[in-house]
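*Asks:* The structure that follows is given in the form of structure tokens.
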Amino acid sequence: MKILKIVAGLAVLGLILYVADDYWPEYFADPIPTADQIYVSKSDREMVLLKAGQPIATYSISLGGEPSGHKAQEGDEKTPEGAYLIDWRNENSSYYRSLHISYPNTQDEAQASARSVSPGGAIMIHASPNGLGLFSWALAPFDWTDGCIAVSNTEMAEIWAAVPDGTPIKIVP
């Protein structure tokens, strides 16, 4: 009976820590150095933070629902490819926190204009949707965004602290 109580207590503690990680991820984030570049491989579903050309952190990512190819227009659910910047951040995001990627650039706008479509925008690195709670883990194996790059809440807390505005991001197929 004593062992059953210990196991039950450990299970409850594990559940509390799991919930806390979803609601207070900054307490679970590992401090990492400030990044000076981000590299994203869509085919590998991987994002790497770099400092002086050396990896300092690597994350598994989820992408847009149609991940192959470069974003061409609003609503295509593609994640852009190319060289951009992290140009602003949103602490009050619908996804815990988010960092904005400077898509569309001049070339993206010109290509969309030539086809008389909107290039879209609001492409972010973000975490799980707010309010998903215990079920945020269920999104991890899927490409579920509208073209953004998604990580876990704890990973977003690390990235938020390590990536200043103005950081270059390169997204490759």
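The values are calculated or read from the model by the stated rules, or taken from the named source; none is laboratory data. What you see is a predicted model; the values in this text were computed from it and never measured. Virtual Cβ from ideal backbone geometry, glycine too; neighbours counted across all protein chains shown.
*Asks:* Just one of (1) of a type outside the set (A, V, I, L, M); (2) at negative phi; (3) part of a loop (DSSP other than H, G, I, E, B) trips up residue 137, so point out which.
*Replies:* Evaluating residue 137 over (1) of a type outside the set (A, V, I, L, M); (2) at negative phi; (3) part of a loop (DSSP other than H, G, I, E, B) leaves (3) as the failure.
*Asks:* Of the conditions (1) surrounded by 15 or more Cβ atoms within 10 Å (Cβ to Cβ); (2) over 24 Å from residue 136 (Cβ atoms); (3) in contact (Cβ under 8 Å) with a residue 40 or more places away in the chain, residue 51 clears all except one; give me its number.
*Replies:* All conditions pass for residue 51, except number (3).
*Asks:* Scan 104, 129, 55, 67 and give me the residue that is modelled with pLDDT of 95 or more and assigned to a loop (DSSP other than H, G, I, E, B).
*Replies:* 104
*Asks:* Against the condition more than 12 Å from the chain's Cα centre (by Cα) and loosely packed, with under 15 Cβ neighbours inside 10 Å, how does residue 67 come out, does it pass?
*Replies:* no
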